[in-house]
Amino acid sequence: ILLIPKGIWFGKKCFQNSINYNRMNKKKLVTDVFFDLDHTLWDFDKNSMLAFKRVFKKFKINIEFDAFLKVYEPINIAYWKKYREDKVSKEQLRRGRLKDSFKIFDIFYTTEKIDEIADSYIHELPFDNHLFDGALEILDYLILKYKLHIITNGFEEVQHKKLKNSGIDHYFSSVTTS
């Protein structure tokens, strides 16, 4: 998102328009562009699915995979909402989203096993690095004109690995995690 006095603009065209706008006023109005990582540049859904497939295989979890994802995804979103609102801790988020999902399938694991599965998922997540179409092109375009930054609510220990493993870490002057 690029903020300029005339409003909010999206996509590559907005940056071309802002450059024309800047030339007309003969001053640089925008110096920095901020991105979220997950669901913006980094294809979280695809990468998460691939990580879960490896975790399911490792732990021999016998649930139909697509059915699990349909249950897990809204539970995960609800837990992230609670986490952002300080209603659950990081540990409760990591445990609860899995425990609640498995419960739907009448599968119950000990807290220790849930922690193992959660740790394995977090470990696996940054190994798949699918970016959205056009992500590299827009970063290549923007890096020549602006300082680029990441602001993310993802876990710090994972976000930096995602950036490095996907080969886009060098684009960003700063990475801020909440």
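The values are calculated or read from the model by the stated rules, or taken from the named source; none is laboratory data. Remember, predicted model here, so these are calculated numbers, not experimental data. Please note: Cβ atoms are built from the backbone with ideal geometry, for glycine as well, and neighbour counts cover all protein chains shown. To get the accessible areas, we keep the full protein, side chains included, count just its heavy atoms, and leave off ligands, DNA and RNA. Shrake-Rupley method; radii C 1.70, N 1.55, O 1.52, S 1.80 Å.
Cβ-Cβ distances below 6 Å connect the following pairs, each with a first residue in segment 165-178 that is under 13 Å from THR40 (Cβ atoms), a second residue that is of a type outside the set (A, V, I, L, M) and surrounded by 13 or more Cβ atoms within 10 Å (Cβ to Cβ), and a separation of six or more residues or different chains: SER166/ASN129; PHE172/HIS149.
Six or more apart or on different chains, Cβ atoms under 6 Å: show the pairs whose first residue is in segment 130-141 and closer than 15 Å to PHE44 by Cβ and whose second is open to solvent by less than 50 Å² (accessible area, probe 1.4 Å) and part of a helix (DSSP H, G or I). Partner pairs satisfying both residue conditions: HIS130/ASN47. Remark: LEU69 falls outside the filter, which requires a residue to be closer than 30 Å to SER173 by Cβ and either free of Cβ contacts under 8 Å to residues at least 24 places away in the same chain or open to solvent by 40 Å² or more (accessible area, probe 1.4 Å) (or both). Give the number of residues within segment 147-160 that are among the charged types (D, E, K, R) and either part of a strand (DSSP E or B) or at pLDDT 95 or above (or both). Residues meeting the conditions: 1. For segment 124-138, filtered to residues that are farther than 13 Å from LYS53 by Cα and part of a helix (DSSP H, G or I), the residue that is nearest to the chain's Cα centre (by Cα) is PRO126.
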